[in-house]
Amino acid sequence: MKNREKTPSEVAFNREYTETVGEITSPNPRIECRGVQVHYGEKLAISGVSLDIGRNEVIALIGPSGCGKSTFLRCLNRMNDTIPACRVSGEITLDGRNIYDPTVDVVPLRAQVGMVFQKPNPFPKSIFENVAYGPRIHGLVASKVELEEVVESSLRRAGLWDEVKDYLHQPGTSLSGGQQQRLCIARTIAVNPEVILMDEPCSALDPIATAKIEQLIDELRSQFTIAIVTHSMQQAARVSQRTAYFHMGRLIEVGETARIFTNPHHQLTEDYITGRFG
Ligand SMILES: Nc1ncnc2c1ncn2[C@@H]1O[C@H](COP(=O)(O)OP(=O)(O)OP(=O)(O)O)[C@@H](O)[C@H]1O
Ligand SMILES: [Mg+2]
């Protein structure tokens with residue numbers, strides 16, 4: 001399944017499967033979603049979403065409040081499993097493996113597909129321990145020295161090391177909001193994820209902290225696949241290569257970000273990006 005080209009019949013099937021406008025497939029997919037449907041109790045929140053997310057790509061998920069962006073994002077690392085009323089159907093694979101297969105252990109899955117939330121949520125522990133926790137519980141390090149190396153390199157990659165290197169044993173919560181968000185990113189990358197999911201990671205941050213996170217996202221793209229939910233179309237345009245527009249639980253349109261913002265093909269996409277909706 002990995003990195004192979006799709007057969008013409010698969011391409012045709014994928015097109016037929018979805019009413020989405022634009023190219024739902026990726027030449028180099030990491031995540032492949034087909035016919036994803038999510039219910040909360042009786043209520044349908046996501047309906048028939050098919051979408052690939054490619055290697056080293058940042059994909060922005062946009063759309064009006066309540067359209068299902070967070071719900072869709074949470075499908076990708078089975079965070080919806082933690083919501084009792086939530087039922088997910090359809091198929092989602094990561095590197096060709098069905099992540100909803102009963103044999104999949106969600107603990108390593110959530111390290112492979114890490115998540116950064118809207119509100120920075122450091123653990124009530126020191127800066128060092130926030131980053132060290134994951135590698136330790138996942139058994140990724142053999143010694144104290146190795147652990148210290150992982151903590152330092154993760155904080156460096158998150159662009160936070162220079163600001164915190166002399167305060168590693170202060171509580172994570174003592175940092176500013178923007179620093180806390182970079183700490184949460186360091187914590188996510190410390191366990192070597194393949195995919196990073198970000199749900200409005202900058203909405204609680206000022207423009208300077210936002211610019212730092214956006215720059216970081218661009219740097220992280222060389223190593224990771226990133227899906228980011230944002231209400232800022234400017235942010236989507238700055239950080240992503242592809243944009244997916246959701247509306248009332250459906251994936252309406254997906255395509256190259258520059259194209260979506262300059263030449264949307266679906267009326268609903270156009271209404272949203274020109275500010276006539278949402
Ligand atoms: N835990 C939940 N229980 C029941 N319904 C939920 C739950 N979470 C979300 N929903 C419903 O699912 C739909 C999609 O919600 P979701 O939070 O995914 O939207 P969103 O696009 O992320 O919105 P926002 O931009 O406001 O964050 C909404 O109708 C919402 O009310
Ligand atoms: Mg949301």
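Quick note: the coordinates plus some simple rules give every number you see, no bench work behind them. Quick caveat, the model's predicted, so the values are computed rather than measured. All Cβ positions, even for glycine, are placed from backbone atoms using ideal geometry, and neighbour counts span all protein chains on display.
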With a 10 Å radius around each residue's Cβ, average the other Cβ atoms per peptide and rank 91-98, 267-274, 60-67, highest first.
60-67, 267-274, 91-98
Whole-Hz ³J(HN,Hα) for each residue in region 43-48, computed from phi via Karplus 6.51 cos²θ - 1.76 cosθ + 1.60 with θ = phi - 60°, x for glycine and proline: what do you get?
7, 7, 9, 9, 10, x
Ratio Rg/Rh [Cα only; Rh per Kirkwood] for region 178-252
0.96
Potential extension, I83-S153 segment - 0.36 nm per residue separation minus Cα distance
21.8 nm
Quick one: check the C-alpha center-to-center distance for region 52-71 versus region 202-278, whole angstrom.
8 Å
Work out the length of the dipole vector of region 21-274 about its Cα centre, built from +1 on the beta-carbon of each Lys and Arg and -1 on the beta-carbon of each Asp and Glu, and round it to the nearest 20 debye.
340 debye
Dipole moment magnitude, nearest 20 debye, region 97-248 about Cα centre, only Lys, Arg, Asp, Glu C-beta charged
180 debye
Residues whose modelled amide H sits under 5 Å from the amide H of R55, counting only those 5 or more places away in sequence or on another chain, are N28, R30
Distances over 13 Å make up what percent of all Cα-Cα pairs in region 138-191?
58 percent
If I take every Cα pair under 8 Å that is 6 or more residues apart in region 21-274, average their sequence separation and divide by the length, what percent do I get for the relative contact order?
28 percent
Could you compute Rg(Cα) / (2.2 N^0.38 Å) for region 48-169, with N its residue count?
1.26
Scalar couplings 3J(HN,Hα) for region 226-238 by Karplus 6.51 cos²θ - 1.76 cosθ + 1.60 (θ = phi - 60°), nearest whole Hz, x for Gly and Pro, are 10, 10, 10, 8, 8, 8, 9, 5, 5, 5, 4, 5, 6
With θ taken as phi - 60° and the coefficients 6.51, -1.76 and 1.60, list the Karplus ³J(HN,Hα) couplings across region 92-99 in order, rounded to whole Hz; mark glycine and proline as x.
10, 10, 10, 6, x, 9, 5, 6
With all pairs of different alpha carbon atoms counted, what Kirkwood hydrodynamic radius in Å does the chain show?
19.3 Å
